[in-house]
Amino acid sequence: TIKKWDAEMVVVLLTLVGHEKNEVGDGAVSCFRITLDGQIVCSGGSDKTVRLWNGATGAPSHVMRGHNERVDAVTLNVDASRVYSTSWDKSIREWDAASGECFRTLLGHTDGV
């Protein structure tokens, strides 16, 4: 679960729920990034997925599947058209943010990335 807070009012503005329990994890969010304008939230989790959310409404945009182990880090490029994720499966993936499709997988690491 990811919660967006209003720090001054100390209230929760949005709750993003979606990462699921599975054989490798408890459904925990292991990493997340928010665009500078707050419009896109990107998260990675122990459920091996990368997820995109609408930062204003909390609505899910995409669930990106392809990693074989927990996702350890996510980031977006400057215009938020690309998402990059790393995983304990020793890969780095590049995703199209508009479609949610993985179009590049980088392999070769000998340990989790």
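Of all the listed residues (Glu94, Glu69), the sole one being open to solvent by less than 40 Å² (accessible area, probe 1.4 Å), of a type outside the set (Phe, Trp, Tyr) and in contact with a Phe, Trp or Tyr (Cβ under 7 Å, 6 or more places away or on another chain) is Glu94. Being of a type in the set (D, E, K, R) and not in a loop (DSSP other than H, G, I, E, B) is the filter; apply it to the stretch 67-113 and report the residue that is farthest from the chain's Cα centre (by Cα). Checking each candidate, the answer is Arg104. Filtered by the rule that a residue be of a type outside the set (A, V, I, L, M, F, W, C), part of a loop (DSSP other than H, G, I, E, B), more than 22 Å from Asp79 (Cβ to Cβ) and touching a strand residue (DSSP E or B) at 6+ places or on another chain (Cβ under 9 Å), the stretch 10-57 gives Gly18, His19, Glu20, Gly27, Ser46, Asp47, Lys48. Taking the stretch 47-66 as the range and being closer than 21 Å to Leu14 by Cβ and either small (Gly, Ala, Ser) or buried (at least 20 other Cβ atoms within 10 Å of the Cβ) (or both) as the test, the residues that pass are Asp47, Thr49, Val50, Arg51, Leu52, Trp53, Gly55, Ala56, Gly58, Ala59, Ser61, Met64.
Could we say that Asn77 is polar (S, T, N, Q), over 18 Å from Ala28 (Cα atoms), at pLDDT 90 or above and in contact with a strand residue (DSSP E or B) (Cβ under 7 Å, 6 or more places away or on another chain) here? The answer is no for Asn77. For Ser85, state whether it is on the phi < 0 side of the Ramachandran plot and either among the basic types (Lys, Arg) or open to solvent by less than 50 Å² (accessible area, probe 1.4 Å) (or both). For Ser85, the condition - on the phi < 0 side of the Ramachandran plot and either among the basic types (Lys, Arg) or open to solvent by less than 50 Å² (accessible area, probe 1.4 Å) (or both) - is met.
The values are calculated or read from the model by the stated rules, or taken from the named source; none is laboratory data. Here the structure is a predicted model, which is why all the values come from computation and not from measurement. As a convention, Cβ positions derive from the backbone with ideal geometry for all residues, glycine included, and neighbour counts pool all protein chains shown. Surface areas here come from the heavy atoms of the whole protein model, side chains and all, with no ligands, DNA or RNA. Shrake-Rupley method; radii C 1.70, N 1.55, O 1.52, S 1.80 Å.
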